[in-house]
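Read through the structure below, which is laid out as structure tokens, and then see the notes.
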Amino acid sequence: MLLDERDRRILTMLQKDSRISNADLAEAVGMSASALWRRVRSLEEAGIVERYGAVVNPTAMGLSFEAIVHVHLTRHDPEKIVEFIRAIEISREVQDCYATTGQADYHLRVLCADLAAYNSFLEDFLFRLPAVASAQTNVVLRPIKRNRPVEF
């Protein structure tokens, strides 16, 4: 789907406030409410808008420990990788997971209540996965840029 300037404005506004009313969004981009609704539906159906949600402050929820974890696998056995990925997908602590090139096989962004909870995550979860050989942790001191809208 090719995006025009109106689509870009719609997407920018939805990323800033997904709760904006259809009428307010239509007015802001200079369209009728029904035309805007059809345009938003087409963006959703094309997979450009994947979902709507709220941005939550982890610290306010008691999750003040954040780390980037570089995971090295023992070997690239397809069954072990599938098992690793399934476990990561259901972990409450793992917020993001990326398969990457370079020294580490996977990079995780992990949120926990504190250092003790993170240690439990490592010992009781991550290091029990058969595919995991080792992990290196970088503790996040403070976020610089996070949850930014996709810009065009």
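Summary table below
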{"item": "Hey, Met1 at pLDDT 95 or above and outside any helix (DSSP H, G or I) or not", "result": "no"}
{"item": "Qualifying residue in segment 20-32 (condition: of a type in the set (D, E, K, R) and outside the structural domain of Arg128 (by TED's automatic domain parsing))", "result": "yes"}
{"item": "Pairs with Cβ under 8 Å, 6+ apart, first in segment 73-89 and within 13 Å of Ala135 (Cβ to Cβ), second among the charged types (D, E, K, R)", "result": "Leu73/Lys80; Leu73/Asp105; Thr74/Lys80"}
{"item": "Count of segment 78-105 residues which are over 18 Å from Tyr118 (Cβ atoms) and either among the basic types (Lys, Arg) or within 13 Å of the chain's Cα centre (by Cα) (or both)", "result": "4"}
{"item": "Condition broken by Asn57, with the remaining ones in (1) more than 19 Å from Gln136 (Cα to Cα); (2) of a type in the set (S, T, N, Q); (3) surrounded by 11 or more Cβ atoms within 10 Å (Cβ to Cβ); (4) within 16 Å of the chain's Cα centre (by Cα) satisfied", "result": "(3)"}
{"item": "Neighbours by Cβ (under 6 Å, 6+ apart or cross-chain): first from segment 36-65, part of a helix (DSSP H, G or I); second modelled with pLDDT of 95 or more and of a type in the set (Gly, Ala, Ser)", "result": "Leu36/Ala26"}
{"item": "Among (1) under 16 Å from the mean Cα position of the chain (by Cα); (2) surrounded by fewer than 18 Cβ atoms within 10 Å (Cβ to Cβ); (3) not in a helix (DSSP H, G or I) - the single one Arg75 does not satisfy", "result": "(1)"}
{"item": "Enumeration of residues in segment 108-134 that are assigned to a strand (DSSP E or B) and surrounded by fewer than 17 Cβ atoms within 10 Å (Cβ to Cβ)", "result": "Arg109, Ala133, Ser134"}
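Quick grid of which residues meet (1) in contact (Cβ under 8 Å) with a residue 24 or more places away in the chain; (2) within 13 Å of Ala67 (Cβ to Cβ); (3) in contact with a Ser or Thr (Cβ under 8 Å, 6 or more places away or on another chain); (4) of a type in the set (Phe, Trp, Tyr):
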residue	(1), (2), (3), (4)
Val94	no, yes, no, no
Tyr98	no, no, no, yes
Thr101	no, no, no, no
Leu108	yes, yes, no, no
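The values are calculated or read from the model by the stated rules, or taken from the named source; none is laboratory data. Since we're looking at a predicted model, the values are computed, not measured. Backbone-built Cβ (ideal geometry, glycine too); neighbour counts: all protein chains shown.
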